[in-house]
Amino acid sequence: MKVLIIGGGGREHALAWRIAQSPEVERVFAAPGNPGIARVAACLPAGDGSPKAYLAVAESVDADLTVVGPEAPLVAGVVDAFRARGRAIFGPTAAAARLEGSKIFAKNFLEQSGIPTAGFVASPDAAEARHALDRFSYPVVIKSDGLAAGKGVVVAEDRAVAEAALASLKPPFVIEEFLTGDEVSFIVLSDGRNVVPLEPTQDHKAVFDGDAGPNTGGMGAYCDSRILSGAESRAILDRIIRPTIDATGFTGFLYAGLMMTAAGPKVLEFNVRLGDPETQPIMHRMQSDLAPVLLAAARGALREAQLQWNPGPSVCVVLASGGYPGAFDSGKLIYGIGAAEATGASVFQAGTRQGSGGVETAGGRVLGVTASGADLAAAIDSAYAAAHLIRFDGMHYRTDIGRRGLKRYNKSIAGT
């Protein structure tokens, strides 16, 4: 096969890295890619990033399969454009991508389908949203309706913070009940009928240790089968995932961001693609050849395929630019990637570019340092040992990725 990957971030680097290992893949292409992806794939210009431009890239290399990384091309209808030309592509149609493209659409879908989620009110503007706040206790969650790269959500502890959020976010808004519990990322791949779940992950959205500070696109994640019990996974599939697939005919990666509440799992949000940085530890743990599974799914022939996983957990620590998630400078030379990879870790590049002096920063989230271990503690130690070998001006990262899982992990081990 020749496989084209759309995108140029850490998620796409991890996908390219995994797919390039397939004995069934002759060559991997990426549009636009990045310097890390260029080590395992041929990077091609993405033009204006429109569905038409990506289709032209696929046709120029005669790709047998295209895998879409980011959400924006999906919402714009890249899958529809490919299918109209008879080209195999893995992802949802524009209609199904509204599950991520519009939070109001997604919340209405959940409510009408009887799928458990937080109570909410949709407001077209800040004035109505301020009135809606009177119906909620604090903390309260305020979301911008459209795509916001993981930064369109504010958890407001009081009215003043809520008012400030309404002034800073783009309308329309969703005002949502704050749920308590353990947050889990549950991702499946689907051909429109059949579903294959990936291993559960837990993301760390806040920028600072202890979940302090503003939300980001994700500061790290870990993948561990013990995040959910078998009964919890079955409940999620039966109550949330399969009803959504059945109602929408969804194809591609369906990501359910969940809160495991005392009343059971509830949907915080849907994404219509793999999460970033969840993809990095997922790909690191995966044993199976992913490429033929994705091709089968794109052809509507997934059936009951199963994926095999390494038993030990994996952890990804994101190294970010100074100032992120606020304003940040680019062009900082990156040192130590080779030394980090020599430890056995994988350094997935997210916001990088090739400069005259070497690889340099070109984004808020720069690198995803990912490692596995025999147990969660070992995986955490390995990821941080590798991260400590990398440096660039202004670099910062959380030091507690995966720590909240240690108590659960150790309890699970003690009970076996």
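The values are calculated or read from the model by the stated rules, or taken from the named source; none is laboratory data. In this text, all values refer to a predicted model and were calculated from it rather than measured experimentally. Heads up, the Cβs are rebuilt from the backbone with ideal geometry, glycines too, and the neighbour counts pull from every protein chain shown. Each accessible area value is taken on the protein alone, full model and side chains, heavy atoms only, with ligands, DNA and RNA left out. Shrake-Rupley method; radii C 1.70, N 1.55, O 1.52, S 1.80 Å.
Structure data summary
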{"read-out": "Solution diffusion estimate, µm²/s, Stokes-Einstein, the range 89-144, Kirkwood Rh from C-alpha pairs, 25 °C, viscosity 0.890 mPa s", "value": "189"}
{"read-out": "Evaluated over the range 302-406, the Cα radius of gyration and Dmax, each in Å", "value": "15.3, 49"}
{"read-out": "Apportionment of accessible area to carbon and sulfur, the chain, percent (1.4 Å)", "value": "50"}
{"read-out": "Cα centroid separation - the range 224-270 against the range 304-318, whole Å", "value": "18"}
{"read-out": "Size of charge dipole - the chain - debye, nearest 20, with Cβ of Lys, Arg +1 and Asp, Glu -1, no other charges", "value": "360"}
{"read-out": "Chymotrypsin sites (Phe, Trp or Tyr not before Pro) restricted to DSSP loop in the range 79-146 with at most 16 other C-beta within 10 Å", "value": "none"}
{"read-out": "Expected 222 nm ellipticity per residue - DSSP helices of 4 or more, -39500 (n - 2.57), all of the chain, to 500", "value": "-8500 deg cm²/dmol"}
{"read-out": "Cross-link partners of residue 332 among lysines (Cα-Cα below 26 Å; sequence separation of 8 or more within a chain)", "value": "151, 205"}
{"read-out": "Volume in Å³ per residue [convex hull over Cα atoms, computed for the range 128-169]", "value": "63"}
{"read-out": "Over 28 Å (Cα to Cα) - which of 266/407; 2/143; 52/266 fall in this group", "value": "2/143; 52/266"}
{"read-out": "Cut-off under 5 Å, modelled amide H: who pairs with residue 183 long-range", "value": "260"}
{"read-out": "Square roots of five times the Cα gyration tensor eigenvalues for the chain, Å", "value": "30, 26, 23"}
{"read-out": "Value of D in µm² per second that Stokes-Einstein yields for the range 248-374, Kirkwood Rh from Cα pairs, at 4 °C (1.567 mPa s)", "value": "75"}
{"read-out": "Rg and Dmax [Cα atoms of the range 1-80; Å; Rg one decimal, Dmax integer]", "value": "11.3, 32"}
{"read-out": "Counting DSSP beta bridges with both ends in the chain, the antiparallel % (nearest 5)", "value": "80"}
{"read-out": "Under Karplus coefficients 6.51, -1.76 and 1.60, residue-wise ³J(HN,Hα) of the range 35-50 in Hz, glycine/proline x", "value": "x, x, 4, 4, 6, 10, 8, 8, 8, 10, x, 9, x, 8, x, 8"}
{"read-out": "Quotient of Cα Rg and 2.2 N^0.38 Å for the range 84-178, N being how many residues it contains", "value": "1.22"}
{"read-out": "Inverse of mean 1/r across different Cα pairs in the range 152-305, Kirkwood, Å", "value": "16.9"}
{"read-out": "Net charge contributed by nearby residues that have their C-beta within less than 14 Å of residue 104 (K/R +1, D/E -1)", "value": "-2"}
{"read-out": "Length-normalised contact order for the chain - Cα pairs under 8 Å, 6+ apart - percent", "value": "16"}
